[in-house]
Amino acid sequence: MSSLKQLIAVAGLALATVIPTHAADRGEPYALVRDGERGTSMTGDSVDWSTIKTLRKRISGDFLWFRDGGKPYIVQDAGVLARARKAWEPVDKLGKEMDVRGREMDKHGKVMDALGKDMERAAAGTKPDEAKMHALERRMNDAGKPMDALGKQMDALGKRMDAESRTADKTVRALIREALDKGLAQPAPQV
């Protein structure tokens, strides 16, 4: 059952709407915030996420938030935002695929949970029903096969997402430099 819990945990992570990266590994934090959508592509930590949620309520439309030299900025230039969204498109597409696999995993997980409860009931008492337990064990093994396959698919998707995230991150960081150089970045409102 520990592998079941691991697979369900992976599926849960896949359903997240934020794609976090490690800010310490990649530089200063940033977030591409899309108005009207739950998804936000960002780097940073929980303090940054709190800032983004507050800014989302104060700023209308899409924006790119980032820190440079510890100072927060936003960019709302349509061209910069379009290029940033395009950079994250492959990651978003893979995220949707991961969501589909996660929902499939959840369905299989529910079947496995029900079989596990049946197994517990068959094992209860002073004389467990060995025949029923063996039959349930076979059903659990059969029910686990699609989860194993989904787990492998999700692992492959996760690796592709990681690679695409690194590419998108490089692109957005170059856009941030460009926005700063061209004067398109404005100091972010105080939070």
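Taking the range 108-137 as the region of interest, how many residues are of a type in the set (A, V, I, L, M, F, W, C) and closer than 21 Å to ASP148 by Cβ?
Looking only at the range 108-137, we keep the residues that are of a type in the set (A, V, I, L, M, F, W, C), and these are 111-112, 114-115, 119, 122-124, 131, 133, 135-136.
With the extra rule that they be closer than 21 Å to ASP148 by Cβ, the set shrinks to 111-112, 114-115, 119, 135-136.
Residues that pass the stated criteria total 7.
Does VAL172 fit the bill of being among the β-branched types (Val, Ile, Thr) and either touching a residue at least 24 places away in the same chain (Cβ under 8 Å) or open to solvent by 70 Å² or more (accessible area, probe 1.4 Å) (or both)? Spell out the reasoning first.
Values: among the β-branched types (Val, Ile, Thr): yes; either touching a residue at least 24 places away in the same chain (Cβ under 8 Å) or open to solvent by 70 Å² or more (accessible area, probe 1.4 Å) (or both): yes.
Yes.
Looking at the range 75-113, which of the residues that are aliphatic (A, V, I, L, M), out of contact with any helix residue (DSSP H, G or I) (no Cβ under 8 Å at 6 or more places or on another chain) and within 30 Å of GLY183 (Cβ to Cβ) is surrounded by the most Cβ atoms within 10 Å (Cβ to Cβ)?
That would be LEU81.
Take the residues of the range 28-74 that are more than 16 Å from VAL191 (Cα to Cα) and basic (Lys, Arg): which is surrounded by the most Cβ atoms within 10 Å (Cβ to Cβ)?
Here the residue is ARG34.
The values are calculated or read from the model by the stated rules, or taken from the named source; none is laboratory data. Worth saying up front: this structure is predicted, and the values here are computed from it rather than measured. Quick reminder, even Gly has a Cβ in these numbers, built from the backbone with ideal geometry, and neighbours come from all protein chains shown. Surface areas here come from the heavy atoms of the whole protein model, side chains and all, with no ligands, DNA or RNA. Shrake-Rupley method; radii C 1.70, N 1.55, O 1.52, S 1.80 Å.
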